[in-house]
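Comments concern the structure below.
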Amino acid sequence: MSTKELSEKNRRMAARKLHIRKRISGTAIRPRLAVFKSNKYLYVQAIDDEAGVTLASASTLEQALKGTKATIEGGAKLGELIGARLGEKKIEAVLFDRSGYRYHGVVKAIADGTRKAGIKF
């Protein structure tokens with residue numbers, strides 16, 4: 001999709017996302033923790049960009065978070081879940097990729113929940 005097809009708001013967000021992604025890249029030791037949010041659900045992935053694989057993922061669609069909404073409380077629960085999964089894989093630190101979203105509200109709750117689970121970034 002070219003930038004001409006996007007609305008001004010979506011074009012600016014895509015530019016922010018590219019600006020962030022050109023500076024960070026995940027490794028097996030310190031993967032990139034990518035966040036995506038829709039109006040109904042939240043998704044988080046730990047990605048090793050060198051190998052091109054997802055090391056761990058979590059979303060509010062899973063049975064473990066059944067009934068959780070895309071709210072600050074849901075983001076905190078999702079952050080704790082992904083933090084626990086990363087801990088099981090012996091991953092202690094990540095690079096946080098907010099995907100162009102502002103660092104407040106749900107995105108901040110995901111980050112705080114992940115930190116609460118013992119992951120550093």
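So, in segment 30-50, how many residues would count as being more than 20 Å from Gly87 (Cα to Cα) and out of contact with any helix residue (DSSP H, G or I) (no Cβ under 8 Å at 6 or more places or on another chain)?
6
Select, from Arg85, Arg30, Arg23, the only residue that is in contact (Cβ under 8 Å) with a residue 60 or more places away in the chain and more than 13 Å from the chain's Cα centre (by Cα).
Values: Arg85 fails: in contact (Cβ under 8 Å) with a residue 60 or more places away in the chain; Arg23 fails: in contact (Cβ under 8 Å) with a residue 60 or more places away in the chain.
Every option except Arg30 fails the conditions.
Can we say Ser57 is polar (S, T, N, Q), in contact (Cβ under 8 Å) with a residue 24 or more places away in the chain and either on the phi > 0 side of the Ramachandran plot or buried (at least 19 other Cβ atoms within 10 Å of the Cβ) (or both)? Walk me through how you get there before you give the answer.
Values: polar (S, T, N, Q): yes; in contact (Cβ under 8 Å) with a residue 24 or more places away in the chain: yes; either on the phi > 0 side of the Ramachandran plot or buried (at least 19 other Cβ atoms within 10 Å of the Cβ) (or both): no.
No, not satisfied.
Name every residue in segment 63-101 that is surrounded by fewer than 14 Cβ atoms within 10 Å (Cβ to Cβ) and among the acidic types (Asp, Glu), in order of residue number.
Hits for segment 63-101 are Glu73, Glu88, Glu92.
Please find, among Lys116, Lys108, the residue that is within 13 Å of the chain's Cα centre (by Cα), farther than 17 Å from Thr27 by Cα, modelled with pLDDT of 95 or more and of a type in the set (D, E, K, R). I'd like the intermediate steps shown before the answer.
Numbers: Lys116 fails: within 13 Å of the chain's Cα centre (by Cα).
None of the other options fit; the residue is Lys108.
I'd like the full set of residues that are β-branched (Val, Ile, Thr) and under 15 Å from Val107 (Cβ atoms), limited to segment 25-62. So that I can check it myself, show each step before the final result.
We begin by selecting, within segment 25-62, every residue β-branched (Val, Ile, Thr); these are 27, 29, 35, 44, 47, 53-54, 60.
Hits for segment 25-62 are Val35, Val44, Thr60.
The values are calculated or read from the model by the stated rules, or taken from the named source; none is laboratory data. Source: prediction; values computed, not measured. Note: ideal-geometry Cβ built from the backbone for every residue, glycine included; neighbour counts use all protein chains shown.
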